[in-house]
1. Go through (1) open to solvent by 60 Å² or more (accessible area, probe 1.4 Å); (2) aliphatic (A, V, I, L, M); (3) part of a loop (DSSP other than H, G, I, E, B) one by one and return the number of the condition Val98 breaks.
2. What is the residue count in the range 101-112 for residues that are in a strand (DSSP E or B) and surrounded by 11 or more Cβ atoms within 10 Å (Cβ to Cβ)?
3. Pull up the range 1-45, narrow it to residues that are touching a Ser or Thr at 6+ places or on another chain (Cβ under 8 Å), open to solvent by 40 Å² or more (accessible area, probe 1.4 Å) and part of a strand (DSSP E or B), then point me to the one that is nearest to Ala74 (Cα to Cα).
4. Say we look at the range 46-55 and pick out the residues that are surrounded by 13 or more Cβ atoms within 10 Å (Cβ to Cβ) and of a type in the set (S, T, N, Q); which of these is farthest from Tyr79 (Cα to Cα)?
5. What do you reckon, is Gly65 within 23 Å of Asn84 (Cβ to Cβ) and in a loop (DSSP other than H, G, I, E, B)?
6. May I ask you to list pairs of residues, at least six apart or on different chains, whose Cβ atoms are under 6 Å apart, with the first in the range 96-107 being touching a residue at least 60 places away in the same chain (Cβ under 8 Å) and the second being outside any strand (DSSP E or B)?
7. Taking interchain pairs and intrachain pairs at least six residues apart, which have beta carbon atoms under 8 angstrom, with the first residue in the range 41-65 and acidic (Asp, Glu) and the second at pLDDT 95 or above?
8. Please tell me if Ser25 is free of Cβ contacts under 8 Å to residues at least 40 places away in the same chain, of a type in the set (Ser, Thr, Tyr) and over 13 Å from Asp89 (Cβ atoms).
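The values are calculated or read from the model by the stated rules, or taken from the named source; none is laboratory data. Bear in mind the structure is a predicted one, so any value in this text is a computation, not a measurement. Cβ coordinates were reconstructed from backbone atoms using ideal geometry, including for glycine residues, and neighbour counts include every protein chain displayed. Ligands, DNA and RNA are stripped out before the accessible areas are found, and what is left, the full protein with its side chains, is counted by its heavy atoms. Shrake-Rupley method; radii C 1.70, N 1.55, O 1.52, S 1.80 Å.
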Amino acid sequence: QVQLVESGGGLVPTGGSLSLSCAASGSIFSINTMYWFRQAPGKQRDSVAFATSGGSTNYADSVKGRFSISRDNAKNTVYLQMNNLKPEDTAVYYCGLVQGGRWYWGQGTQVTVSS
């Protein structure tokens, strides 16, 4: 079993910054890619960014230039630095990974950006 624990959400004004982290633990054999998704009320869960174990990264167009994903492979931890936050970034943020053909998700952390 894999456990993911996110932290770092909160309430910030427009233009503010937040840093999220997600630590993976449990029956981890190998982790290739770690993901950040977000889900706003009434909307589907969408990919925000991902980082491979080799250092490659990818971002949704809506966050490019504002968000930065990084990871510490030794700690099985992934981070998401979010700058210049906008009200439309308000959502529950989830980290996720795939192992053994199934997705594992954290419990989510709320990010609220006030206008």
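1. (3)
2. Just the residues of the range 101-112 that are in a strand (DSSP E or B), to begin with: 102-105, 109-112.
This time we only want the ones that are surrounded by 11 or more Cβ atoms within 10 Å (Cβ to Cβ), so: 103-105, 109-112.
Final tally of qualifying residues: 7.
3. The residue in question is Ala23.
4. Of everything passing the filter in the range 46-55, Ser47 is farthest from Tyr79 (Cα to Cα).
5. In short, yes.
6. Leu97/Ile31
7. Asp46/Phe37; Asp46/Arg38; Asp46/Gln39; Asp46/Ala60
8. no
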